[in-house]
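Working notes, beginning with the structure itself.
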Amino acid sequence: MDITTFGGPVPQLGIGVVAPFDFALDRELWRWIPEEISLHLTRTPYVPVEVSVDMARLISEHETLHNAVMALDAVRPASFAYACTSGSFVGGTAHERAMCASMSGAGRGVPSVTTSGALLEALAELGAERVSVITPYTASLTDSLADFLGEAGVEVVGRQYMGLTGEIWKVGYRNVVELARSANLTRADCLFISCTNLATYDVIPQLEAELRIPVISANQVTMWSALRHAGAKASGDYQSLIDPAARAALAPYQRRLEPPPPVAATAGDWERLAAPETTAAAPPDEPAADLDLG
């Protein structure tokens, strides 16, 4: 068979991904990618700092992003994604927008997204205004995520964290599921699993079926958004963000229980409240009945 009759490689649509230096889940990102799309990954320079607020700031500097996108732009991707949650929320919403602008500026004006910006897009897509978050981070980094969401107008109604400062990619599915089960979902519209270095692809359908609530994760929203901005769709059966059938199945369970709204008092209520109290006549003395305590 003459292989030249096939005409060579088909036209390529690529996504350029900038990941933190310690990112170890390249294979997971590919699971959301349809066959006709290619991923092109690069990493930020190594910094000898544990996972923390300081590290998040170091790996999200504009010069770092600019240089990474310039390298990726050689293969002309259709969109760029910065695949790091903490690095894109640590400076607040203004910093996240500036990161996207810096990436687009270095990449011919091509659409650019960050994980935290993609998270906000995903919450809007799901109509979720209140979210419970679980993270592998420390308390301070988890609080920074809550601050970012609050600044964006999203109410954080619960938060749980693991307190890890390194090697997050080694966390197993069992630990993720157990943490999700401990989340406060009473008033939540959605559960968010943070950190692109945390494996989540296979646990999302299980958690959605068990918890009866949309479950989204950092890698999922990053790939979903980057593909959408490139004019393509993510793969992901039984994941409500991506699969319309999965979203429809969860619809009857949406809007968690809330305290009932106060009932306005009527004119009759006010009249009863204002009326003078009357003393009821004392009942006649009667012998006490035997009480059956058995």
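The values are calculated or read from the model by the stated rules, or taken from the named source; none is laboratory data. Quantities reported herein were computed from a predicted structural model and do not represent experimental measurements. Here Cβ is always computed from backbone atoms with ideal geometry, including for glycine, and neighbour counts include all displayed protein chains. When the accessible area is computed, the model is the full protein with side chains, heavy atoms only, and any ligands, DNA or RNA have been set aside. Shrake-Rupley method; radii C 1.70, N 1.55, O 1.52, S 1.80 Å.
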Residue count, region 168-189 (criterion: in contact (Cβ under 8 Å) with a residue 60 or more places away in the chain and open to solvent by 40 Å² or more (accessible area, probe 1.4 Å)): 3
Region 27-37: number of residues that are open to solvent by 40 Å² or more (accessible area, probe 1.4 Å) and either out of contact with any strand residue (DSSP E or B) (no Cβ under 9 Å at 6 or more places or on another chain) or within 14 Å of Ala218 (Cβ to Cβ) (or both): 3
Per-region count, region 15-44, residues aliphatic (A, V, I, L, M) and closer than 16 Å to Glu167 by Cβ: 3
Within region 38-83, tally of residues that are in a loop (DSSP other than H, G, I, E, B) and open to solvent by 10 Å² or more (accessible area, probe 1.4 Å): 11
Residue match in region 191-208 (condition: in contact with a Gly (Cβ under 8 Å, 6 or more places away or on another chain), open to solvent by less than 20 Å² (accessible area, probe 1.4 Å), of a type in the set (Val, Ile, Thr) and on the phi < 0 side of the Ramachandran plot): yes
Test: residue in region 168-179 that is under 13 Å from the mean Cα position of the chain (by Cα) and not basic (Lys, Arg): no
Region 202-247, residues that are under 22 Å from Ser132 (Cα atoms), touching a residue at least 60 places away in the same chain (Cβ under 8 Å) and assigned to a helix (DSSP H, G or I): Ala218, Asn219, Gln220, Val221, Thr222, Met223, Trp224, Ser225, Arg247
